[in-house]
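What follows is calculated from the coordinates using simple rules that are stated; it is not laboratory data. These figures come from a predicted structure and were not determined experimentally. Neighbour counts are summed over all protein chains in view; Cβ atoms, including those assigned to glycine, are modelled from backbone coordinates with ideal geometry.
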Amino acid sequence: MTTRSFPVTFAAMMSPYLIWAAHFGIVYGINGLACARALDRISLAGFPFVPALVTVATLLALALTVLVLVRALLGGGPASHVGSTDARLFMRWLTAASAASTLVAILWVGLPAVQVPACG
């Protein structure tokens, strides 16, 4: 059984929130740049540029979070190296609950950015 340092284990447990935070920054960065540089009028393969980028970022964040959720539910993830069953179950539960809540948060950030004009 390998050991990991506390910061690495804690970061793995908080990875859903880190994914959400990165998604949040990317979505609002895209919208901010679009308004500052007048990119809101550009089309990408027939789709408006800003909603297309936000959609891609949202789908990527959702996929990564689902991957974390599945790994936590199947027994992998940050708790796989811990010897105690109680600690392992707690870490898996916390990681899975964090992933489930951040799926909602990612949609909460992504959907309005796709539905409302970037600079409207």
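Volume of the convex hull of the chain (Cα atoms only), normalised per residue: 104 Å³. Taking other residues whose beta carbon is less than 11 angstrom from the beta carbon of A99, and scoring Lys, Arg as +1 and Asp, Glu as -1, yields +2.
Arranged from fewest to most other beta-carbon atoms within 10 Å of their beta carbon, Y17, Y28 become Y28, Y17.
Between 0 and 90 degrees, rounded to the nearest ten: what's the tilt of helix 15-37 against the longest Cα principal axis of the chain? On a 0 to 90 degree scale, this one is about 10. Using C-alpha pairs under 8 Å with a sequence gap of at least 6, the mean separation divided by the residue count of the chain gives a relative contact order of 39 percent. Compute a Gaussian network model of the chain, connecting alpha carbons closer than 10 Å, and tell me which residue from A12, A57, A87 fluctuates the most. Looking only at A12, A57, A87, the biggest GNM fluctuation is shown by A87.
Counting only alpha carbon atoms, the long axis of helix 85-115 and the longest principal axis of the chain meet at about 0°. Multiplying the residue separation of S43 and A100 by 0.36 nm and removing their Cα-Cα distance gives an extension gain of 17.2 nm.
Relative to the longest principal axis of the Cα atoms of the chain, helix 49-73 runs at roughly 10 degrees.
Peptides 61-74, 32-45 ranked from most to least packed give 61-74, 32-45, packing being the mean of other C-beta atoms within 10 angstrom over each peptide's residues.
Counting every other Cβ atom within 10 Å of each residue's Cβ, I30, I106 order from fewest to most as I30, I106. Ordering F47, F24, F6, F90 from the fewest to the most neighbouring beta carbons within 10 Å gives F6, F47, F90, F24.
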